[in-house]
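The values are calculated or read from the model by the stated rules, or taken from the named source; none is laboratory data. Everything quoted here is computed from the prediction, not taken from an experiment. Here the Cβ positions follow ideal geometry from the backbone for every residue, glycine too, while neighbour counts run over all protein chains shown.
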Amino acid sequence: MRVEPDPSHPTGSSICIKAKTAPEFVHHPDRLTAPLVRTNPKGSDDPGFQPIGWSEALDLAARRLGLIAAESGAEAVAFAVTTPSGTAIADSFGWIHRLVHAFGSPNLVFATENCNWHKDFTPMLTWGAGIGMPDYSHTGLILLWGFNPTATWLSQVAPIREAKKRGARLVVIDPRRQGLARSADLWLGLRPGTDGALALGLAHLMLERGGADQTFLRNYTDAAFLVRDDDGTFLTDIDLLGAEGAGVPTIWDEALGVAVPCPRGAPISATASLSGVRGVACRGTTVSCRPVLDGLRERCSHYPPDRVAEITGLRIEDIEQLAEWLGKCGPVSFFTWTGTAQHSNASQTTRCINVLYALTGSLDAEGGNVWFNKPPVRDVSAFEWVDEKTRARTLGGDQRPLGPPRRGWVTTKDLFRTIATGDPYPIRALVSFGGNFALTKPRTEYAAEALRSLDFYLMTELFLTPSSREADLILPVASAWERSGLQAGFVISEEAEEWVQLRPAVLPPRGESRSDTDIVFQLAVRLGLGDRFFGGDPDEGLRHQLEPTGISLETLRANPQGVRVRLKSGTGRSRERGFATSSGRVEIIAATLGAVGEDRLPTYEPPRMSPESRRDLALYPLRLTCAKWPQFCHSQQRQESSIVEAMPFPVVQIHPKVAAAREIDNHDLVDIVTPDGRFTARAELTVALREDVVCAQYGWWDPTDVWGRSDLSYNNAIDGAIIDSLSGSNSMRSYLCEVSRIGPSGRQDGSTARITAR
Ligand SMILES: Nc1nc2c(c(=O)[nH]1)N[C@H]1C(S)=C(S)[C@@H](COP(=O)(O)OP(=O)(O)OC[C@H]3O[C@@H](n4cnc5c(=O)[nH]c(N)nc54)[C@H](O)[C@@H]3O)O[C@H]1N2
Ligand SMILES: Nc1nc2c(c(=O)[nH]1)N[C@H]1C(S)=C(S)[C@@H](COP(=O)(O)OP(=O)(O)OC[C@H]3O[C@@H](n4cnc5c(=O)[nH]c(N)nc54)[C@H](O)[C@@H]3O)O[C@H]1N2
Ligand SMILES: [Mo]
């Protein structure tokens, strides 16, 4: 009936509108309550879904999937899963992965390349781990870089406010001045997709004006390693000693006046040089070398403040101010998420930001970004069950060997192309655990054709969505309120990470719906994989997960609010034990990138455009970007009238000057046109964003017309072919566009159907 916050819980002090309206969501008449099977041919206007019983449905699924695997191999079945960051599929995430791997499929579609990849995985190229968490309680300067927790992660807001009250500075880097940016000490409203240039420009100032932490650079990074001028490789002890060398890098010792080998883990001399060309005597010849940091200095020298101001559209004073604070007001902590991720240059932007951050010397230090320990719950995803030969066939793995495919995660773009063409092998079935990729992924070739041509398409869902139109079978899912879920660690602080909770169901499942976990276990048994799923008993699965923590299932059930495990996180572990990179150090020169022929130094490349854009630049004078609003998670909540009534159309934020020039009034409907498509939204005039930027909401559709074509979806205007070469991330945030007035929104009927039909 009602949801209230629980301030005793580490992330329970506040709730958002989606929790406040949970009763409407749970009891919504559109909820799916029985398994549905298709009765009309694919491609029909109406799929003719008819209810069937669960055992019939599960038998059907197991039979079809088993047959396809027997005929064409397990790789002929692909899987998909919705985001655990924006849905409660987190409850089942590990088990879904386990099913994929037990089945033997190398392909799982997941939003990662546009979501968490650049915060959790790309930083591994630089320091062997994700970005960690800001240690808000001790930090001196917080950078929110393309991350707006007020809308997207409420429980980070209070600690940031407290840090500010304590005297920490807050800087927000975002084309919009929303949320915490309004009260920030400095707002850098840059042009979308130019974050990499800003980071290199800031690094330039820190290196030139003395703000960089030389001690950290010397002790914990590759900054002092000597690089040969002739071929760009590290000068190693083999160059010095010949066969006696072990291939370890060398540094130039100022005091000794010689190059000295620097084995992994060994401390670097305090007199190791961080600048200057040296002629090093190498068995008879002299090799010209300089330390890694000189290479970075040279790279950054191409980004002096005036040039950075030109690229980013920022004021020189603001860039200089931030560079000064980065050097003086630490410890520095930062958080970034999708604002820097959904770009064609996202991986290198991450590199630029990470290397800049290394210059502050705050990584893995009190008040900086740290890695809290997590409760030792067993990982059940069983990645290793897919044999290497099959793993090598993960779609996109050959183009992006360092990207999500190496973890078995694939894009819809690659999947749909493969389904439609059979190249490099046939994929005949798709099993999707939620996800609404028709709206959340950009337009891509083959989508409609691929979904129609599948021999078997199974979706588990709470509602009918545009992405389930071509499904053969839809299984109804119990919402998070109707099922239990294990969460070990709540991420935002050391204290929160110590919390282990088995969230109990507060209601029985709606109708015949079941949790994804139950569906996975039951399907696994029918597929003959029961022995890998504890005989089909999810409780036994939970016991297996919990065993290393020493907490029993009974204890968690008796303490539904959660229990506390003591974890001694502390800081400095990576400094002590070495970072998880090939050198054991933070890598300014990323060895792994060199191995795949990419620039090893951080680099800035402007956002890429489609060929159409390049032809008609003048037609698209504005930059399009997107953001999330508190009311919605992605394409969800569009059924909830109390939310949709307050926000009946997608919002597009436009600067009043831009609007005036186009005779657009507040709340007018406008067309947003890019070189690659268009969509409709309702104007919100605001000065809280850059003048040359428009920022729109995405994920819109009309649930009263599920199978209709939606003019409301942002991703209609985005070409999925423009991707980041390392991660496959889509260019959804730095698009060229123009906006034009359609007319007043004049919406009275409480639905969006009118403009959908237009
Ligand atoms: N209410 C709500 N909360 C959510 C979600 C949701 O859908 N709704 N989704 C969840 C998920 S899955 C995720 S991944 C997270 C994402 O969380 P966030 O990354 O915080 O989400 P966004 O609002 O999309 O983007 C953050 C900010 O990036 C800015 N931005 C846009 N373009 C650029 C750019 O080029 N450079 C920079 N520096 N900034 C830019 C936007 O203006 C926006 O303020 O949120 C999670 N929380
Ligand atoms: N233009 C643009 N596109 C974006 C983004 C953006 O910022 N801009 N953000 C991207 C990001 S960060 C992400 S994570 C993706 C998200 O992409 P998706 O994963 O496709 O996210 P949703 O649209 O939320 O789809 C969730 C679907 O799963 C269903 N669902 C919810 N909970 C459950 C559950 O427990 N079980 C099952 N089986 N189903 C469930 C919901 O009803 C809904 O239909 O979108 C990406 N797309
Ligand atoms: Mo996400």
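A few points about this structure:
- Counted residues, region 293-308 - those being surrounded by 19 or more Cβ atoms within 10 Å (Cβ to Cβ) and either more than 18 Å from residue 217 (Cα to Cα) or under 29 Å from the mean Cα position of the chain (by Cα) (or both): 6
- Within region 126-143, not a single residue is touching a residue at least 40 places away in the same chain (Cβ under 8 Å), at positive phi and surrounded by 24 or more Cβ atoms within 10 Å (Cβ to Cβ).
- Reported count of residues in region 605-628, each being part of a strand (DSSP E or B) and more than 13 Å from ligand 1 (Cβ to nearest atom), is 1.
- Residue 495 satisfies every condition listed in (1) modelled with pLDDT of 95 or more; (2) surrounded by fewer than 19 Cβ atoms within 10 Å (Cβ to Cβ) except (1).
- Looking across region 439-458, the residues that are more than 16 Å from ligand 1 (Cβ to nearest atom) and within 14 Å of residue 707 (Cβ to Cβ) come down to 448, 451, 452.
- Pairs, first modelled with pLDDT of 95 or more and near ligand 1 (Cβ under 8 Å from one of its atoms) in region 629-644, second charged (D, E, K, R) and in a helix (DSSP H, G or I), C-beta under 8 Å, six or more apart: 630/18; 631/18; 632/18; 633/18
- Filtered by the rule that a residue be more than 19 Å from residue 463 (Cα to Cα), over 24 Å from the mean Cα position of the chain (by Cα) and among the polar types (S, T, N, Q), region 683-728 gives a lone residue, 686.
- Yes/no for residue 683 being surrounded by fewer than 16 Cβ atoms within 10 Å (Cβ to Cβ) and either more than 16 Å from ligand 1 (Cβ to nearest atom) or under 22 Å from residue 312 (Cβ atoms) (or both): no
- The set of residues from region 435-490 being within 16 Å of ligand 3 (Cβ to nearest atom), more than 22 Å from residue 423 (Cβ to Cβ) and either not in a helix (DSSP H, G or I) or not assigned by TED's automatic domain parsing to the domain that holds residue 423 (or both) comprises 435, 436.
- Within region 33-49, the set of residues being touching a Lys or Arg at 6+ places or on another chain (Cβ under 8 Å) and hydrophobic (A, V, I, L, M, F, W, C) comprises 49 only.
- Subset of region 96-114 [in a loop (DSSP other than H, G, I, E, B), in contact with a strand residue (DSSP E or B) (Cβ under 7 Å, 6 or more places away or on another chain) and away from ligand 3 (no atom under 12 Å from the Cβ)]: 105, 107
- Positions within region 234-277 being among the polar types (S, T, N, Q), assigned to a loop (DSSP other than H, G, I, E, B) and touching a Leu at 6+ places or on another chain (Cβ under 7 Å), in sequence order: 275
- Lone unmet requirement of (1) of a type outside the set (S, T, N, Q); (2) surrounded by 22 or more Cβ atoms within 10 Å (Cβ to Cβ); (3) in contact with a Ser or Thr (Cβ under 6 Å, 6 or more places away or on another chain) for residue 372: (2)
- Complete set of residues in region 674-695 that are in contact (Cβ under 8 Å) with a residue 60 or more places away in the chain, farther than 18 Å from residue 660 by Cα and not polar (S, T, N, Q): 675, 676, 677
- Checking residue 362 against (1) assigned to a helix (DSSP H, G or I); (2) away from ligand 2 (no atom under 16 Å from the Cβ); (3) in contact with a helix residue (DSSP H, G or I) (Cβ under 9 Å, 6 or more places away or on another chain), the condition it does not meet: (1)
- Any hit, region 498-514, residues being surrounded by fewer than 18 Cβ atoms within 10 Å (Cβ to Cβ), at pLDDT 95 or above and among the acidic types (Asp, Glu): yes
- When residue 163 is tested against (1) within 20 Å of residue 195 (Cβ to Cβ); (2) buried (at least 23 other Cβ atoms within 10 Å of the Cβ), only condition (1) is not met.
- Of residues in region 447-478 being more than 17 Å from residue 26 (Cα to Cα) and of a type in the set (D, E, K, R), the one surrounded by the fewest Cβ atoms within 10 Å (Cβ to Cβ): 449
- Per this entry, residue 52 is not counted among residues that are within 16 Å of ligand 1 (Cβ to nearest atom), of a type in the set (A, V, I, L, M, F, W, C) and not assigned by TED's automatic domain parsing to the domain that holds residue 631.
- For region 72-95, the set of residues classified as closer than 25 Å to residue 393 by Cβ, among the hydrophobic types (A, V, I, L, M, F, W, C) and within 16 Å of ligand 3 (Cβ to nearest atom) consists of 80, 81, 93, listed by residue number.
- The single condition among (1) within 16 Å of ligand 3 (Cβ to nearest atom); (2) closer than 21 Å to residue 517 by Cβ that residue 121 does not meet is (2).
- Contact annotation: residue pairs with Cβ atoms under 7 Å, 6 or more positions apart or on different chains, pairing a residue in region 332-344 that is more than 6 Å from ligand 1 (Cβ to nearest atom) with a partner that is of a type in the set (Gly, Ala, Ser) and at pLDDT below 95, are 343/734.
- Filter pass, residue 361 being away from ligand 1 (no atom under 16 Å from the Cβ), in contact (Cβ under 8 Å) with a residue 60 or more places away in the chain, closer than 30 Å to residue 502 by Cβ and not acidic (Asp, Glu): no
- Being of a type outside the set (Phe, Trp, Tyr), over 30 Å from residue 36 (Cα atoms), under 28 Å from the mean Cα position of the chain (by Cα) and buried (at least 21 other Cβ atoms within 10 Å of the Cβ) is a property that residue 520 lacks.
- Helices (runs of 4 or more DSSP H) wholly inside region 115-219 containing at least 3 residues that are in contact with a Ser or Thr (Cβ under 7 Å, 6 or more places away or on another chain): 117-120, 157-166, 195-209
- When 383, 437, 433 are screened for being aromatic (Phe, Trp, Tyr), in contact (Cβ under 8 Å) with a residue 60 or more places away in the chain and away from ligand 2 (no atom under 16 Å from the Cβ), only 383 passes.
Condition check ((1) under 30 Å from residue 32 (Cβ atoms); (2) touching a helix residue (DSSP H, G or I) at 6+ places or on another chain (Cβ under 8 Å); (3) among the hydrophobic types (A, V, I, L, M, F, W, C); (4) away from ligand 3 (no atom under 16 Å from the Cβ)) across all residues:
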residue	(1), (2), (3), (4)
637	yes, yes, no, no
643	yes, yes, yes, yes
646	yes, no, yes, yes
652	no, no, yes, yes
659	no, no, yes, yes
665	no, yes, no, yes
699	yes, yes, no, no
713	yes, yes, no, yes
730	yes, yes, no, no
